[in-house]
Structures are given as C-alpha cells and as structure tokens.
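Following: one structure in structure tokens, then a few remarks.
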Amino acid sequence: MKFIAITLIVHAPDPVTGAQPSTHDRFRQVVHSALHAEELGFDGFGVGERHERPFISSSPTVVLSHVAALTRRIRLFTAVTTLSLLDPVRAYEDYATLDHLSDGRLELIIGKGNGSAQRELFHVTPEDQWERNAESYGLFRELWRNDRVTAAPRFRPALQDAEVWPRPYQRPIRVWHGSATSRASVDLAARHGDPLFSANVTHSIEPYAELVRYYRERWEAYGHDPRLATVGAGSAGVCAAQTSQQALADYRPVFEGYLAFQRRLGADPVFPTLEDFAERSSALVGSPQQIIDKVHRYHERFGHTVLHVSAEAGGLSDARHRASLELFQSDVAPALRRDIPDPPWPWAPVAPDDSPVRHPDRTAAAFASLPAGAEPAATASQGV
C-alpha cells in the first residue's frame, strides 16, 4: 500500500483556538507540510483546487511547482483538478510544464469540483458541469498523447491540427478520477481504464463501497483486465496515539470544533459523537493497531491500494499532528505496506526514451554550485 498526504489549503480560523494565520503564513505552512511528508517517507503529497472561501488553493500548479523544487522523491498529486471549470488546453500547458519541473513526479486526480460560488465564477451550471468535466478530460487526454490535435468541443473553441507546447515528460501521465457521490465520474474512470480515488470522508462506508463496486463492474464491462482496476481512498482525519484513550482525548477538541461549525451551518452532523465518528467514519483516530484494523476493514470493501491522510493539523497542535504522522509512519504504515499490495504499476517515474533520467540523489544544492547557464554533465546513470 502507498500513502499520500493531502491539503486543500483551508484558510479559516483554527477550529480549536480561533487563530487565523495570514495568507503568506498559510502558504508557508503548506510548504512545510510537504517537506515533512517527504521526510517521514510518505509516497505522495497532494494539493486541492478550489476557487471559493475558505480555500486558497486556486493555483495548485504554482504550489506544486514550488514543492517540486524543494523535494526529490515524493510524488505530487492534484486533489482534485477541477477540469469542469478549466480550459483543458490551458490546463494541459500548466501541467505539462509542471511534469517537466518535477522530473515526472506528477499525478492528477481530476473531478468536477464542488461549490456554487466557484461554478458562478466560471459560469458553469449544475446541469452542464458533468458534460464539461468529461469533455475537458477527453481533450486534455488527447493533447497529452498526441503532437497535433483536431477537435470540435462544445465548451471551448475548436482546434484544427493544433500543436500545444511543451510536450510532456511522462507519456502518458497517470490520471485518477475523484469520486464522492456520483456514478458519472466512476463511469468516466472505468471507460478510460483509469484509477479511481474515492473521497470517503463525509459518510460511513456504504455509499463509497457501492461506487467502488460499480467502478469494478463498469471496468470489466468496458473490456479492461479486472486485475488492473485500481482504487485509492481518503480518510476523514488522523490522530494516532499509543492508546485509544489518548487519541480520543487529543482529537476531542477538533471534533467539537467540527460540530460547532455544523451547527452554525444549520446542518445535522452525520456522526453526532466523537466515539461514533471514530468507529463508523473513515477517520483514523486510535492506537496503531486500531488504525491498522480499520484500514483492513475498509480494504475488504474497497480493495484500495493507496490511502490519503491529512497533511495538516486541522485543529491539532502542529507538534501533536507531527507526532501523530510520525507514529503512523513508524507503527502503522509498515504493517499496511506488508499486508496490502501496491498499485499494479511502478511508483517511480519512468523517463521517456528521449529524456535522461535525473540521478535520484541530485539536489538543488548540487545545481547551485554550477556557473550561471552551465548544464550538468551526463553520468552513466542518466544516459546520454
């Protein structure tokens, strides 16, 4: 099993303390979280895309490009890229550039996106957002695979033998389809033979398990090898401690802040108590063995091989969240890596035939010592 840490870059008061950092400091926290995730051995780091309050994740390509420059190994995910809101040509240009800057560490999770404010900002309606998502992905996919594209889409101007640059580093890139509630995104993933990422954060397991079951059904109906159907899944929170009592005590202020937020919205919480939340939601709150057992229970229903956890504290103190992630990586992840298989493909990027592979130990410091404009010499590990 592989593990990725994800942030949606929420910019709101801390649910426990009420303090709110500046926008500048909030981005610094995100970068710190990415470096921490790589330091701890996470396999991926993801940044969401939202275009409305309380999020400031409107430019995931910019954030991930900065993270790419500061990291060496960790794969970089979008969570999710809202193709229903974007011009697929412009999105292709941004992500193909990021693909090169990250040495092929980029993976996309796409989706239609949520929220009425961002739909209004981009003049997208609830009636056409699914069609926009499917059309944009189809065109994005063609642009990534072909040097010239001719297409007559409904939601953007036609392309006639169009060349779009730069050509990407990975050919093709891996694209996951994020799904929370709709069969439309599930069917789109299965149709193209792409992996599925279940949001799996708001409700109990049943509706998500049904969508995963439908994905595998449609996968086979489209003629794909069932052994290659791949699922990732989210988690609603993480707080690992040596004992379940300590984990619940540490997480209780966070959960109470969540309940207060739900009350302000006039919404009935899905999980009315912390004990119910820890038991029936996908939250990983408990001792290492409890978390291992819960992931196994979910794996029995999903068959997932990738799991995401929150990259950021979300109400826990920074020190407590860091300790939780450290315990997760030292006591939980090794058992799950041993017991649950990886996705059915190599995790490390594979360079195109015409591109040298950068040495994995090369760092920004190595390049800083070069004279201005100089290029590093090829090595045996890079090819020529």
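Over 24 Å from the mean Cα position of the chain (by Cα) and not charged (D, E, K, R), is that true of ALA190? So ALA190 fails the test. Please work out if VAL270 is in contact (Cβ under 8 Å) with a residue 12 or more places away in the chain, in contact with a helix residue (DSSP H, G or I) (Cβ under 8 Å, 6 or more places away or on another chain), more than 20 Å from ALA79 (Cβ to Cβ) and of a type in the set (Val, Ile, Thr). No; evaluated as a whole, the condition is false for this residue. Going through (1) exposed (fewer than 15 other Cβ atoms within 10 Å of the Cβ); (2) touching an Asp or Glu at 6+ places or on another chain (Cβ under 8 Å); (3) under 18 Å from SER179 (Cβ atoms) one by one, GLU220 falls short only on (2). State whether one or more residues within region 313-333 are aromatic (Phe, Trp, Tyr), at pLDDT 70 or above and buried (at least 18 other Cβ atoms within 10 Å of the Cβ). Looking through region 313-333, at least one residue is aromatic (Phe, Trp, Tyr), at pLDDT 70 or above and buried (at least 18 other Cβ atoms within 10 Å of the Cβ). Is it true that LEU248 is touching a Ser or Thr at 6+ places or on another chain (Cβ under 6 Å), assigned to a helix (DSSP H, G or I) and modelled with pLDDT of 95 or more? So LEU248 fails the test. Among the residues of region 1-36, those identified as in a helix (DSSP H, G or I) and out of contact with any helix residue (DSSP H, G or I) (no Cβ under 8 Å at 6 or more places or on another chain) are THR23, HIS24, ASP25, ARG26, ARG28, GLN29, HIS32, SER33.
For beta carbons closer than 9 Å, sequence separation of 6+ or different chains, a first residue in region 325-336 that is acidic (Asp, Glu) and a second that is surrounded by 18 or more Cβ atoms within 10 Å (Cβ to Cβ), the qualifying pairs are GLU326/ALA240; ASP331/ALA240; ASP331/SER287; ASP331/PRO288; ASP331/ILE291; ASP331/ILE292.
What residue, among those in region 185-194 that are at pLDDT 95 or above and part of a helix (DSSP H, G or I), is surrounded by the most Cβ atoms within 10 Å (Cβ to Cβ)?
Filtering region 185-194 for residues that are at pLDDT 95 or above and part of a helix (DSSP H, G or I), the one surrounded by the most Cβ atoms within 10 Å (Cβ to Cβ) comes out as ALA189.
Does VAL16 count as in contact with a Ser or Thr (Cβ under 9 Å, 6 or more places away or on another chain) and at pLDDT below 95? Judged against the criteria, VAL16 is a match.
Being out of contact with any Lys or Arg (no Cβ under 8 Å at 6 or more places or on another chain), in a helix (DSSP H, G or I), of a type in the set (Asp, Glu) and touching a residue at least 12 places away in the same chain (Cβ under 8 Å) is true for just one of GLU312, GLU279, GLU275, GLU300. Which residue is that?
GLU275
In region 45-81, of all residues being buried (at least 24 other Cβ atoms within 10 Å of the Cβ) and of a type in the set (Ser, Thr, Tyr), the one that is nearest to the chain's Cα centre (by Cα) corresponds to THR78.
Enumerate the pairs (first residue in region 165-194 and at negative phi; second residue anywhere and assigned to a strand (DSSP E or B) and of a type in the set (Phe, Trp, Tyr)) with beta-carbon separation below 6 Å, excluding pairs fewer than 6 apart on the same chain, so at least 6 apart or on different chains. From residues that are at negative phi, the pairs are TRP176/PHE197; GLY178/PHE197. ARG171 meets all of the listed conditions (1) assigned to a helix (DSSP H, G or I); (2) within 18 Å of GLU107 (Cβ to Cβ); (3) basic (Lys, Arg) but one, namely (1).
The set of residues from region 195-209 being crowded, with 16+ Cβ neighbours inside 10 Å and either in contact (Cβ under 8 Å) with a residue 60 or more places away in the chain or farther than 20 Å from GLY48 by Cα (or both) comprises PRO195, PHE197, SER198, ASN200, VAL201, HIS203, ILE205, TYR208, ALA209. Residues that are farther than 30 Å from LEU336 by Cα, in contact (Cβ under 8 Å) with a residue 40 or more places away in the chain and either surrounded by 18 or more Cβ atoms within 10 Å (Cβ to Cβ) or within 23 Å of the chain's Cα centre (by Cα) (or both) within region 8-41 comprise HIS11, ALA12, ASP14, PRO15, listed in sequence order.
All conditions in (1) more than 17 Å from ILE4 (Cα to Cα); (2) among the hydroxyl-bearing types (Ser, Thr, Tyr); (3) crowded, with 23+ Cβ neighbours inside 10 Å hold for THR273, with the sole exception of (3).
Of the residues in region 241-255, none is closer than 18 Å to HIS304 by Cβ and of a type in the set (Val, Ile, Thr). The helices (runs of 4 or more DSSP H) found entirely in region 83-156 that carry 3 or more residues being at pLDDT 95 or above and among the hydroxyl-bearing types (Ser, Thr, Tyr) are 88-101.
Cβ-Cβ distances below 6 Å connect the following pairs, each with a first residue in region 217-244 that is in a loop (DSSP other than H, G, I, E, B), a second residue that is of a type in the set (Ser, Thr, Tyr), and a separation of six or more residues or different chains: SER235/SER282; ALA236/SER281; ALA236/SER282; THR243/SER287.
For region 131-153: of the residues being farther than 13 Å from TYR92 by Cα and either under 20 Å from the mean Cα position of the chain (by Cα) or among the β-branched types (Val, Ile, Thr) (or both), which is surrounded by the fewest Cβ atoms within 10 Å (Cβ to Cβ)?
THR150
The values are calculated or read from the model by the stated rules, or taken from the named source; none is laboratory data. Given the structure is predicted, the values throughout are model-derived calculations rather than measurements. Cβ atoms come from the backbone with ideal geometry, glycine included; neighbour counts cover every protein chain shown.
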